[in-house]
Each structure stands twice: as C-alpha cells, then as structure tokens.
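**Q** Got a structure for you, questions after.
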C-alpha cells in the first residue's frame with residue numbers, strides 16, 4: 001500500500017480552562033491518500049475545523065496540540081508546520097470576503113503569494129497569476145480589480161486560485177461553499193473536483209452538509225464531540241452507515257424525494273454535548289437508541305477500521 | 001379561501017447618488033426593482049414556500065408582509081384586510097401586525113443578548129396588552145417555553161446560555177407569544193446543523209397543526225422546502241417564474257430556471 005500523503009496519528013487538541021483541560025479533538029487518527037477528496041462531516045463543535053487548524057498549526061492559544069503526531073510526505077510536521085503552511089498545504093476558508101484583503105487588487109494578492117513561495121521574476125509571477133485565474137474560470141483581465149467588485153462565487157474562485165498559487169499537494173477547504181447559493185455551490189464543487197483530478201491534489205473538505213459530502217468526496221469521516229465516529233468510502237457510509245450517529249445524520253437530512261413530501265423528518269433526540277460535559281464511554285450514548293450498558297462505561301475503539309461503536313463488536 | 005394574498009407586488013429601491021452629485025454629473029436617478037409584479041395567495045393553515053437565490057427578492061417580500069417595508073405598488077392582504085392601507089389608523093395597523101409574526105434567519109442576531117428569555121417572550125404580550133397581571137404573564141411564558149420544547153425554568157436565562165437550535169426555539173416562542181395567525185419564516189434553519197434543522201422543522205410543523213398557523217416560508221434550500229411546503233413559488237430576479245405543488249415542481253419543473261436550481265441542489269445517494 002502506498003504511503004499516505006498525510007497521516008494524523010492520535011492527535012488531541014486541548015483548551016486549558018479554569019475547569020480543567022477541554023478536549024476539542026480527542027485521540028483522532030486519519031490519513032489522506034494522494035489525489036483523494038476526504039470529507040469531514042459533523043455538527044458545530046464536533047471539532048472538524050479544529051482538525052484543519054491543527055494540521056496547519058493554526059490553533060489559537062489557549063488551545064494547543066497536546067499529543068499525537070502529524071506526518072506529511074514522510075516528514076513530521078506537527079512541531080514545525082511553518083514551512084508547509086500556504087506552500088505544500090494551503091487552506092480555503094468559509095467566507096471569501098474575509099479571506100481576501102479588500103485594499104489590494106486580486107492580482108497583487110496572487111503575485112504576492114506566488115513570490116512568497118516560488119523563486120521567479122515579477123513578470124513570470126504575473127503570467128502565472130493569469131494562468132491561475134483562467135484555471136478557476138475568471139477572465140485574467142480582472143487582475144487589477146478589487147475584491148469588492150466580485151460576487152460571492154467569483155470571490156471564492158479567487159480564493160481557490162490563491163490556494164493553488166503555490167501548487168500545494170494538499171488543500172484544506174473549510175466549509176468553502178456554506179456562504180454561497182446552491183447554483184454557485186455546485187459550480188465551486190465541480191471546480192474543486194476538476195482541479196483535484198487534473199493536478200492530483202488531495203483535498204480535505206470540511207462541511208456539515210451531507211449532500212455536499214455525497215456529491216464530492218471519495219471518503220468521508222464523521223466526527224462527533226471531537227472523536228471520529230465513522231470513516232469509510234462515501235458511498236458505503238451513506239448507504240449503509242454502521243454508527244447510529246451517522247445513520248441519524250443521514251436520516252435527518254431533508255431529501256428531494258417524492259416519498260418524503262410533507263413527511264416529518266427523522267430527528268436525533270437531544271443535542272451534542274458541551275466539551276466540559278462529554279459523557280463517559282461512547283460520547284453519543286445518551287442520544288443513541290441502540291445503547292447498551294457497555295456504551296456508557298467503555299469508550300469504543302475503531303472497529304474494523306470503519307466505526308467506533310460497540311454494536312459492531314457484537315455482530316462479529 | 002385564500003388567507004394571505006399578494007397582488008401585483010412591486011418594490012423599488014432608490015439607489016440614486018445624492019442630489020448634488022446628480023446635478024454635477026448629469027446622471028439620472030437610479031432604481032433597483034427588487035420585487036417585480038409578484039402575485040400569490042396562501043390558504044389558511046398551509047405553508048407557502050418562496051425559493052430563490054440571493055438577490056431574488058424573497059426577503060424583500062417577507063419584509064413587506066410584516067410591514068417592515070412598504071410596497072411601491074400592489075397590495076398584501078391578510079384575511080381580506082389590506083396590510084398597508086393608508087386610511088387605516090395606526091392603532092388598527094398595529095392590531096393587524098399582531099397577527100403576522102416573523103422568525104429570522106440568525107438566532108444569534110435576533111435575540112437581545114441583555115434580556116432574559118422571559119422578558120423577550122413577555123414583550124409582545126405586554127405590548128399588545130394580551131394578558132393582564134404579571135403572574136398570568138409569567139404563566140403564559142412558561143406555557144410558551146413548553147410548547148417549543150424548552151423547560152419553564154429557562155425563562156430566567158440569557159440567550160447566550162442556549163445553543164443555536166434552542167435559540168431558534170426561543171425565536172419561535174416569541175413569534176407565538178402574540179398569538180399570530182401567520183408566521184413568516186425567513187430561512188429559519190440555514191444557520192443550524194442538520195440534526196437540529198430536523199428538530200426545528202418538525203417543531204414548526206407540529207405547531208402548525210396545533211394552532212392552525214399559516215406559514216410563509218422563505219429559503220434557498222429546495223430539500224428543506226420539499227419536506228415542509230404545500231405550495232412553492234420560485235423567484236428569479238424579483239419575478240415569480242413558477243408556482244406549483246412540491247410533487248409537480250420536483251417531478252415536472254416547467255421553467256429552465258427551476259430545473260437549474262433542482263440540478264444544482266446536492267443530492268444524497
């Protein structure tokens with residue numbers, strides 16, 4: 001088996017508070033293969049954005065990566081992520097209006113990024129920026145335009161061009177389409193997929209939208225309360241989820257389906273625990289309809305590399 | 001019998017430069033037509049959904065329906081009373097507006113952070129003078145909290161102590177507190193997680209049954225619409241391009257724009 005592009009081994013992200021350390025990410029292991037789109041799905045507070053920030057070393061104090069290792073292309077990067085950030089690994093944020101400098105022309109922002117990471121003349125960098133814009137479907141004549149003259153979708157394209165400027169092998173896209181309309185969202189996802197195919201770039205797509213996961217990703221990891229609940233090939237996970245939480249998520253997503261018109265949606269009872277009150281054992285057990293005594297006492301490990309749930313053990 | 005009727009609704013916004021700039025540059029006045037000749041009607045106790053992209057005018061229609069904006073032309077009537085009748089006295093208009101309440105998109109921005117939940121729910125009751133006596137009012141607040149699935153003791157808390165889904169429940173309770181006939185939901189679940197979204201949508205549905213409420217539901221998410229709406233109107237650039245029942249719209253869309261929206265919506269396996 002090929003060595004994965006990115007390997008995350010048992011990382012924990014802790015926040016020190018007066019009430020003790022809170023674990024936003026708790027003993028999480030995941031790897032990303034070359035050229036794949038890995039989806040990370042979960043509700044607010046599940047730790048999905050924290051994962052992205054941990055890979056790039058962007059966790060703000062008082063949070064810190066308290067244990068675990070992150071390996072990228074055979075090098076350990078959790079101690080010193082700086083040389084990789086923005087160069088080998090780049091990030092696309094949720095809100096394109098906030099991630100672009102409103103006072104600089106987009107051409108200058110692109111050229112700045114390219115010159116920061118690549119050795120070349122300014123003229124070459126401008127040429128490169130033009131090609132970058134063409135690649136994401138923007139007229140290169142708009143190199144001298146300011147971000148506010150672009151629409152939301154166009155701005156997100158510029159942000160993608162920026163992320164691609166340093167020719168990274170991994171892009172972390174943190175809710176890249178949440179701020180956009182459905183029609184624009186479809187275009188952006190298509191663009192990301194195309195770039196992934198043509199360049200062999202891997203993408204970690206962080207989202208809470210199961211529809212986006214189903215349309216875009218090759219594999220998906222489901223996060224709950226900072227832990228990995230389930231991981232697998234997207235089709236398998238969505239068609240036959242093993243973890244009750246994943247099953248609930250899939251069932252509660254509204255679908256366009258003639259059978260479901262006017263029907264009530266499935267709802268998972270209760271809500272995600274706060275970080276200072278994570279239940280013992282399996283974090284999902286108070287909301288789980290299939291819980292047993294064991295669930296409240298022992299934390300389930302990842303079973304058969306698919307889901308962290310005691311039910312799988314019984315099935316063996 | 002239609003309960004809410006919008007007839008040839010138009011709303012224009014004046015985007016002109018200041019007078020002095022226009023005189024110096026010889027530029028004419030500029031207008032933006034956000035809503036252009038929109039007509040629809042909603043039956044009592046049903047849900048009418050308005051769907052469209054950003055800038056299609058759906059929120060403008062919502063604001064006109066609650067009286068936050070006045071239409072440039074056309075009328076909205078509730079139960080055969082014109083909502084923006086200039087001949088109506090301000091008192092009468094206020095009474096009309098009690099019957100239409102709104103649930104906003106972001107539960108983080110629509111609740112006053114310095115007010116206790118009890119005070120937030122009490123304000124419409126006091127303002128419309130619906131229940132006399134502090135004790136009775138407090139009792140009504142407890143009842144409202146229970147109706148939306150919160151506990152009566154939550155009345156003492158502040159909005160920041162609640163999660164997004166719970167806050168949206170508080171917004172719904174506030175809308176219910178003035179005993180309305182119509183609730184306008186402006187993207188009530190787009191700021192929420194999927195599992196919480198399902199809870200809030202189901203709550204809205206059960207409340208509709210209980211109080212025979214009429215909903216005007218505004219959203220850009222076709223999947224959400226398919227589970228709540230009785231009728232759907234598709235808006236594009238301020239004009240109503242298609243109107244149909246969910247069955248018709250999703251199986252046999254007539255307009256290219258509707259088809260485009262349907263194709264763009266991410267589908268689950």
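The values are calculated or read from the model by the stated rules, or taken from the named source; none is laboratory data. Quick caveat, the model's predicted, so the values are computed rather than measured. Note that each Cβ is placed from the backbone with ideal geometry, even for glycine, and that neighbours are counted across all protein chains shown.
**Q** Just need a number here: residues in region A:243-255 that are more than 10 Å from chain B (Cβ to nearest Cβ) and surrounded by fewer than 21 Cβ atoms within 10 Å (Cβ to Cβ).
**A** Final tally of qualifying residues: 1.
**Q** Please identify the pairs in which a residue from region A:127-138 that is surrounded by fewer than 17 Cβ atoms within 10 Å (Cβ to Cβ) has its Cβ atom under 7 Å from the Cβ atom of a residue that is at pLDDT 90 or above and not in a helix (DSSP H, G or I), counting only partners at least 6 apart or on another chain.
**A** Here the result reads none, with nothing in region A:127-138 linked to a residue that is at pLDDT 90 or above and not in a helix (DSSP H, G or I).
**Q** So which helices (runs of 4 or more DSSP H) are wholly in region B:213-269 and hold at least 2 residues that are out of contact with any strand residue (DSSP E or B) (no Cβ under 6 Å at 6 or more places or on another chain) and buried (at least 23 other Cβ atoms within 10 Å of the Cβ)? Full working, then the answer.
**A** Values: elements: B:222-228, B:246-251, B:256-264.
In region B:213-269, B:222-228 are the helices (runs of 4 or more DSSP H) which contain 2 or more residues that are out of contact with any strand residue (DSSP E or B) (no Cβ under 6 Å at 6 or more places or on another chain) and buried (at least 23 other Cβ atoms within 10 Å of the Cβ).
**Q** Continuing with this model, one more query. How many of the residues in region A:276-287 are touching a helix residue (DSSP H, G or I) at 6+ places or on another chain (Cβ under 9 Å) and either within 13 Å of another protein chain (Cβ to nearest Cβ) or under 19 Å from residue A:207 (Cα atoms) (or both)?
**A** Result for region A:276-287: 2.
**Q** While we're on this one: Show the residue pairs that are 6+ apart or on different chains and have beta-carbon atoms under 6 Å apart, the first residue being within region A:207-222 and more than 11 Å from chain B (Cβ to nearest Cβ), the second being in a loop (DSSP other than H, G, I, E, B) and surrounded by fewer than 22 Cβ atoms within 10 Å (Cβ to Cβ).
**A** Filtered contacts from region A:207-222: A:218/A:36.
**Q** A follow-up question, please. Select from region B:237-269 the residues that are within 18 Å of residue B:57 (Cβ to Cβ) and more than 11 Å from chain A (Cβ to nearest Cβ) and list them in ascending order. Walk me through it before giving the result.
**A** Residues of region B:237-269 that are within 18 Å of residue B:57 (Cβ to Cβ), as a first pass: B:237-243, B:255, B:257-258, B:260-261.
Scanning region B:237-269 gives B:237, B:238, B:239, B:240, B:241, B:242, B:243, B:255, B:258.
**Q** Restricted to region A:38-53, and to residues that are farther than 21 Å from residue A:273 by Cα and part of a strand (DSSP E or B), which residue is farthest from the chain's Cα centre (by Cα)?
**A** Taking the candidates together, the pick is A:38.
**Q** Further question on the same structure: If I filter region A:177-192 down to residues being out of contact with any helix residue (DSSP H, G or I) (no Cβ under 6 Å at 6 or more places or on another chain) and more than 20 Å from residue B:105 (Cα to Cα), which single residue comes out as nearest to the other protein chains (Cβ to nearest Cβ)?
**A** Per the stated criteria, the residue is A:187.
**Q** When region B:10-40 is examined, which residues are found to be exposed (fewer than 10 other Cβ atoms within 10 Å of the Cβ) and not in a strand (DSSP E or B)?
**A** Passing the criteria: B:15, B:18, B:19, B:20, B:25, B:26, B:28.
**Q** What single numbered condition from (1) in contact with a strand residue (DSSP E or B) (Cβ under 8 Å, 6 or more places away or on another chain); (2) under 23 Å from residue B:78 (Cβ atoms) fails to hold for residue B:168?
**A** So residue B:168 meets the others, but not (2).
**Q** Taking region A:75-112 as the search range and keeping residues that are over 19 Å from the mean Cα position of the chain (by Cα) and modelled with pLDDT under 85, which one is nearest to residue A:200 (Cα to Cα)?
**A** We begin by selecting, within region A:75-112, every residue over 19 Å from the mean Cα position of the chain (by Cα); these are A:75-76, A:79-80, A:82-83, A:97, A:100-112.
If we keep only those that are modelled with pLDDT under 85 too, we end up with A:79-80, A:82-83, A:97.
Numbers: A:79: 27, A:80: 25, A:82: 23, A:83: 21, A:97: 28 Å.
Going through the qualifying residues, I end up with A:83.
**Q** Looking only at region A:54-83, count every residue that is in contact with a helix residue (DSSP H, G or I) (Cβ under 7 Å, 6 or more places away or on another chain) and either in a loop (DSSP other than H, G, I, E, B) or on the phi > 0 side of the Ramachandran plot (or both) and tell me the total.
**A** So the answer is 2.
**Q** For region B:169-187: of the residues being outside any helix (DSSP H, G or I) and touching a helix residue (DSSP H, G or I) at 6+ places or on another chain (Cβ under 6 Å), which is farthest from residue B:4 (Cα to Cα)?
**A** Within region B:169-187, the match that is farthest from residue B:4 (Cα to Cα) is B:178.
**Q** Residues to consider are A:258, A:273; find the one that is over 22 Å from the mean Cα position of the chain (by Cα), within 14 Å of chain B (Cβ to nearest Cβ) and modelled with pLDDT under 85.
**A** A:258
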